[in-house]
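A short write-up of the structure that comes next.
The values are calculated or read from the model by the stated rules, or taken from the named source; none is laboratory data. All of these numbers come straight from a predicted model, not from anything done at the bench. Note that each Cβ is placed from the backbone with ideal geometry, even for glycine, and that neighbours are counted across all protein chains shown. Surface accessibility is based on the protein's heavy atoms, side chains included, excluding ligands, DNA and RNA. Shrake-Rupley method; radii C 1.70, N 1.55, O 1.52, S 1.80 Å.
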Amino acid sequence: MTSVLKRRLALGLAGFVVLFGLFLGWRWLSWSSESWLNERLGDVARVDWPQPDDAGLSRLVWLSPDVAFSSGHFTAERLELTFSPLSILLGNPQVIELTLDRPLWLSDAALSSDGLVQLVRLIDTIAPHKLTATQATLAVGDREWNDIEAAAERLGGSRRYHWQVSGRLVSDRHRLNLTAGAIVRSRDEGLLITEGNGQWTVSQGPWRGSWRTALRSGTYSDDRWSLEYLSWSGRWPEPGDALPGGLDWAGAIEQADQLDTGWHLSGLDTALAFPDEAGVPQRVSALSSDLTVQPGRATGQLSLSYRSGGEDQNQAQDLTLAVEGRADLSPGAFEWQDAAVLVGLTRADGSISLRFDAEALTFDPDRNQWQLTDGEWQEQRPDRPDQSFGFGVLSGTWPGLTLREAPTVAERLNDTLRPIGSQLEWTNALRRTLVPKAGS
């Protein structure tokens, strides 16, 4: 290579370096982190954001920002945005980290799904790679969340964030410590939440215990939630004097869809377990493939069962009571259409199984009574042929199960129903403990 060619290459390279340096210098000198932020906040927050106390080329710092939103008030001890200098020079500014120290949100309105969507979209607009909030407080309505520690990390260049949150809820009736996590993604039509999990320590009235929840996925769109496979389990060592042995509760829902006035549940499977005074295990379970739950009312297909004696076949007594049908449940009365009731009693002196098929089963817990209408009952004993009898009305007491109105032939049922009724005192105590009357 000749010297002339070498000089030309050197001059060309130097010219390129100078031009590139001028370009980078123009990028740097024309860059305003404050203008970049205001442009994005104007599209989402629609508020007058205060001037930063420190507006460097690659960071913005607010000391004690105070911002009034239409739905509440926001303050913090310190708020900081840190930008990537290289991304600024390349013309694609990116926020490395958003940090909030002692943030506080005050609002008279209760927490809402719309507010959550707005928050997620605000974060998605700023798009930090990492977000941290320390010693945060959330005061809405009559509830106050304290000592909130939150961290979120963006997964690659996507709009998905992996969140971890812990905090403490205080209100007039609730005390709750929470640790939860999920992957949250903002979408045009709402939110997508996957891999949700939570651990709760709860104190509410007679409830004092721990709780675990898991969610496969949840979507929010058109002002409604849709949840796929929500499961829970809890241990309540002190649910009240009526159940001194404690209470375990576990279950799952395959699909839950929010309606205008309630929820539609598919694949419900849940159970409560607790020991009686003698330490004998008791279990109340519910199954449903199609159930609609509204405030104070539930309708659809439902199967309820009660079992006493556990799985140990050496127990002296094993009791089973199951009810299935299209249920219409309200606080004042329960009613099953096309009801099927199975009663089983196994003792040292033998076993007996009763099945009732009726047009309707009504149950009024406040009046302590039940009634079966227009059906038949079948009796199965190992020492005699199966027997079947029809009836117009069968009614009795609750939880004692003593018959009040029945055909003469049905009086023999008392020998089977009374032992079960004595055990059902526990479920009645459970209902009165966990579902107190209005105003109590």
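In the set (1) in contact with an Asp or Glu (Cβ under 6 Å, 6 or more places away or on another chain); (2) over 25 Å from Ala322 (Cα atoms); (3) surrounded by 16 or more Cβ atoms within 10 Å (Cβ to Cβ), the condition left unmet by Ser221 is number (3). Is it the case that some residue within the stretch 114-131 is open to solvent by 50 Å² or more (accessible area, probe 1.4 Å), more than 22 Å from Leu60 (Cα to Cα) and among the small types (Gly, Ala, Ser)? No, the conditions are met nowhere in the stretch 114-131. Applying the condition of being over 16 Å from Leu272 (Cβ atoms) and in contact with a Phe, Trp or Tyr (Cβ under 6 Å, 6 or more places away or on another chain) to the stretch 196-217 and asking which residue is least open to solvent (accessible area, probe 1.4 Å) yields Thr213. Would you be able to tell me the number of residues in the stretch 169-185 that are open to solvent by 40 Å² or more (accessible area, probe 1.4 Å) and modelled with pLDDT of 90 or more? The total comes to 3. Among the residues making up the stretch 98-139, those that are assigned to a helix (DSSP H, G or I) and polar (S, T, N, Q) are Ser113, Gln118, Thr125.
Between Gln204, Gln164, the distinction of being more than 27 Å from Val95 (Cβ to Cβ) and over 15 Å from the mean Cα position of the chain (by Cα) belongs to Gln204 only.
When Trp370, Trp377, Trp336 are checked against the criterion of being more than 24 Å from Leu268 (Cβ to Cβ) and at pLDDT 85 or above, a single residue qualifies: Trp377.
Scoring Ser71 on the criteria (1) open to solvent by 20 Å² or more (accessible area, probe 1.4 Å); (2) touching a residue at least 40 places away in the same chain (Cβ under 8 Å); (3) more than 30 Å from Arg224 (Cβ to Cβ) leaves a single failure, condition (3). Screening Ser113 against (1) under 22 Å from Pro52 (Cα atoms); (2) under 29 Å from the mean Cα position of the chain (by Cα) leaves a single unmet condition, (1). Say whether the condition of being in contact with a Leu (Cβ under 7 Å, 6 or more places away or on another chain) and either closer than 23 Å to Asp147 by Cα or modelled with pLDDT under 75 (or both) is met by at least one residue in the stretch 60-71. Yes, some residue in the stretch 60-71 is in contact with a Leu (Cβ under 7 Å, 6 or more places away or on another chain) and either closer than 23 Å to Asp147 by Cα or modelled with pLDDT under 75 (or both). Given the condition surrounded by 14 or more Cβ atoms within 10 Å (Cβ to Cβ) and β-branched (Val, Ile, Thr), answer yes or no: does some residue in the stretch 350-364 qualify? Yes, the stretch 350-364 contains a residue that is surrounded by 14 or more Cβ atoms within 10 Å (Cβ to Cβ) and β-branched (Val, Ile, Thr).
Residues of the stretch 282-308 that are surrounded by fewer than 15 Cβ atoms within 10 Å (Cβ to Cβ) and aliphatic (A, V, I, L, M): none at all.
Of the residues in the stretch 84-92, at least one is touching a Phe, Trp or Tyr at 6+ places or on another chain (Cβ under 8 Å), open to solvent by less than 70 Å² (accessible area, probe 1.4 Å) and at pLDDT below 85.
Against the conditions (1) at pLDDT 80 or above; (2) in a loop (DSSP other than H, G, I, E, B), Leu302 satisfies every one except (2).
Checking each residue in the stretch 251-281 for being in contact (Cβ under 8 Å) with a residue 40 or more places away in the chain, touching a Phe, Trp or Tyr at 6+ places or on another chain (Cβ under 7 Å) and surrounded by 17 or more Cβ atoms within 10 Å (Cβ to Cβ) picks out only Leu272.
Looking across Trp145, Trp105, one residue alone is open to solvent by 30 Å² or more (accessible area, probe 1.4 Å) and modelled with pLDDT of 90 or more. It is Trp105.
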